[in-house]
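Right, one structure below, let's go through it.
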Amino acid sequence: MIEVRPATQRDAKAIAEVQAYSSQSAFKALLPGESMPEFDSLKKSQAFWREAIEFGDPQVLVATVDQELVGFVGFDRSRDPKTPPTTGEIWAMYALPKHWGQGAGLALWDGAREALREEGCTKVTVWVPLGYERALRFFDLAGFKREMTSIKTVVMGSVRIEELRFKRDLI
């Protein structure tokens, strides 16, 4: 049974660990054979999530199974330039690889969608790395549409990754 609740300060360390472990697994799937780029230290990541939880920027929900934190979602207003204030964004969504395909992502998405609606958002976006088939498929199935003209390049360590924005209505 997956439960979704607002994150607390005590969750920051586990959130940072989920992000690091899931990112490593996703990177290996996205770029097999490439060496893993340096990610923020767990201490730095934990500080980021602690501050986000304290100030609600972004808002953070966690998914738990039997009291174990297995995933999280960070979301708020869109950070993209020139988007209306009624557009939300999934800033980050991660689950432990052993829980992939078991409903944690869907439960987190449902929680974020409801919270964004309550804040008056009518649309939501998310940036997904091209080639990361698991995430691309998840957002396709969740009703997001690919914005093919939105591709951008981000740098992760020494690796350049193309990302694609997905968008959907919240109504």
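Would you be able to say whether some residue in region 150-160 is in contact (Cβ under 8 Å) with a residue 40 or more places away in the chain, out of contact with any strand residue (DSSP E or B) (no Cβ under 7 Å at 6 or more places or on another chain), of a type in the set (S, T, N, Q) and not in a strand (DSSP E or B)? So far as region 150-160 goes, yes, one or more of its residues are in contact (Cβ under 8 Å) with a residue 40 or more places away in the chain, out of contact with any strand residue (DSSP E or B) (no Cβ under 7 Å at 6 or more places or on another chain), of a type in the set (S, T, N, Q) and not in a strand (DSSP E or B). Is it true that Gly33 is at pLDDT 90 or above and among the small types (Gly, Ala, Ser)? So Gly33 does not fit the description; no. Within region 133-149, the residues that satisfy the criterion of being open to solvent by 50 Å² or more (accessible area, probe 1.4 Å) and either not basic (Lys, Arg) or not in a strand (DSSP E or B) (or both) are Glu133, Arg134, Arg137, Phe138, Asp140, Leu141, Met148, Thr149. Selection of first residues in region 96-124 that are modelled with pLDDT of 95 or more and of second residues that are in a helix (DSSP H, G or I) and open to solvent by 20 Å² or more (accessible area, probe 1.4 Å), restricted to Cβ pairs under 6 Å at least 6 apart or on distinct chains, gives the following pairs, ordered by first then second residue: Gly105/Phe138.
Taking strands (runs of 3 or more DSSP E) as the structural unit, those lying wholly within region 63-132 and holding at least 1 residues that are more than 22 Å from Glu163 (Cα to Cα) and open to solvent by less than 50 Å² (accessible area, probe 1.4 Å) correspond to 68-77.
The values are calculated or read from the model by the stated rules, or taken from the named source; none is laboratory data. Since the structure is predicted, the reported quantities are computational estimates derived from the model, not experimental observations. We place every Cβ from the backbone using ideal geometry, glycine too, and count neighbours over all the protein chains shown. Heavy atoms of the whole protein, side chains included, go into the accessibility calculation; ligands, DNA and RNA do not. Shrake-Rupley method; radii C 1.70, N 1.55, O 1.52, S 1.80 Å.
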